[in-house]
Amino acid sequence: MPSALPVLPGLAIFQRGWMSSNNILLHGEGAGAVLVDAGHVLHAGQTVALVRQALRGEPLAGVINTHLHSDHCGGNASLQRAFGCRITIPPGQWEAARAWDEVALSYGPTGQRCERFVPDARLLPGDAVEVGGRRWSALAAPGHDPHSLILFNAADGVVITADALWERGFGVVFPELEGESAFDDVGAVLDLIESLGARVAVPGHGEPFEDIATALRFARERLAAFRARPERHARHGAKVLVKYHLMEERQQPLTELLAWCASTPLFVAVWERLGRPDGSAAAFAGVIVRELCASGALAQHGGVVHDA
Ligand SMILES: [Zn+2]
């Protein structure tokens, strides 16, 4: 269940799990509140309800997306309809979002769902936004997503880390799945986060945490393991794609699921990068599904695969 955790007065965090990113509500002082990240489209109704309840009549002036993955901006359109708020996005995908280029925005290649929205403004790295008397600096955080931002409030020592740093790890390094090197970016962003000296981190998924040093150590170990064996990262990426798809579908006959994998461009790209194991993308998908079932991430009953 979503919960509001106390990190700072005037800041409410809705912890949403894995299919939806956390939503961070920054209360304003008369000028209206701002929501950082909007969750997945399938949870958009719940997001609007959570935000409406927390606002207690305060207007929602804006939504800021740290990046445009479907789990971070899928609620944008519903929030805009409900509150008439402005949508602010990182600059790197401005044109793609305006034109709703589903390939550039990743929803085509990943086979994920997202409702179209129209962005109103760009938040550039180095810019800052003032909300409720607090200043949040936007910092470039490429790696997981080349266009991602993190937000830092120096006065209170709070960093909103999106998928660049979680308490245990970080998000799939998507450019690497597409054959572009981005592990250096991940490492540089971990260094950047360390240099901020923040007191508390609010990640894109999971609870806020204060032990940033331990999180950084864990993330660096994970990064070193991926660097040493990039094929492990690629397999991990394939698993995340399949698990995420089952979170959207809830359940799917195995034959349909394997066909979905074999027709999802990023899944096929990973299979190709791994040297086309198992003879076909569908057969490789069968292995990935078996591994996900063995680890308890998915379950299979009578030819139907379920999210677990
Ligand atoms: Zn992401």
message: Can you tell me, using C-alpha contacts under 8 Å and at least 6 residues apart, the relative contact order of the chain as a whole percent?
response: 13
field: Cα-based Rg / Dmax (Å) for the chain
entry: 19.0, 61
Relative contact order of the range 23-106, defined on C-alpha pairs under 8 angstrom at six or more residues apart (%): 28
- prompt: About the Cα centre of the range 128-197, what is the dipole size in debye to 20, counting +1 per Lys and Arg Cβ and -1 per Asp and Glu Cβ, all else neutral?
  reply: 380
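For the range 18-109, what does the accessible surface come to per residue with a 1.4 Å probe? Please give it in Å². Present the calculation step by step, with values, prior to reporting the outcome.
On the way: 3260 Å² over 92 residues.
Per-residue value: 35 Å².
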field: Highest-MSF residue in the chain out of Val202, Val240, Val103 [GNM, Cα springs under 10 Å]
entry: Val103
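If you place +1 on the Cβ of every Lys and Arg, -1 on the Cβ of every Asp and Glu, and leave all else neutral, what size is the dipole of the range 102-218 about its Cα centre, to the nearest 20 Debye? Don't skip to the end; give the middle numbers.
Values: 8 positive and 19 negative charges, 59 e Å.
Around 280 debye, computed over the range 102-218.
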message: Looking at the calculated P(r) for the range 16-66, what percent of the C-alpha pair distances fall above 19 Å?
response: 20
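Could you give the accessible area per residue of the range 227-308, probe 1.4 Å, as a whole number in Å²?
Working: 3870 Å² over 82 residues.
Roughly 47 Å² per residue, with all protein chains present.
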Protection proxy ranking of 163-174, 295-306, 268-279 - average other beta-carbon atoms within 10 Å, highest first: 163-174, 268-279, 295-306
- prompt: D for the range 229-297, whole µm²/s, Stokes-Einstein with Kirkwood Rh over alpha-carbon pairs at 20 °C and 1.002 mPa s: what number?
  reply: 181
query: What part of the accessible area of the chain, given as a whole %, is carbon or sulfur when the probe is 1.4 angstrom?
result: 51
field: Within the range 166-184, backbone nitrogen closer than 18 Å to the virtual label 7 Å beyond the Cα of Asp211 toward Cβ
entry: 166-170
statement: re the range 194-308: pairs of Cα atoms spaced beyond 22 Å account for a percent value of 46
Residue order for Asp184, Asp156, Asp211, Asp71 - accessible surface, 1.4 angstrom probe, largest first: Asp184, Asp211, Asp156, Asp71
Positive-end residue, the chain charge dipole about Cα centroid, Cβ charges, pick of Gly187, Ala49, Ile89: Ala49
task: Treat every Asp and Glu Cβ in the chain as -1 and every Lys and Arg Cβ as +1, leave all other atoms uncharged, and give the resulting dipole magnitude about the Cα centre to the nearest 20 debye.
output: 400
- prompt: If you build the Cα gyration tensor of the range 24-159 and take the root of 5 times each eigenvalue, what three semi-axes come out, in whole angstrom, biggest first?
  reply: 23, 19, 12
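The values are calculated or read from the model by the stated rules, or taken from the named source; none is laboratory data. Predicted, not measured: the structure shown is a model, and the values here were computed from it. Cβ atoms come from the backbone with ideal geometry, glycine included; neighbour counts cover every protein chain shown. Just the protein is used for accessible areas: all its heavy atoms, side chains included, with ligands, DNA and RNA removed. Shrake-Rupley method; radii C 1.70, N 1.55, O 1.52, S 1.80 Å.
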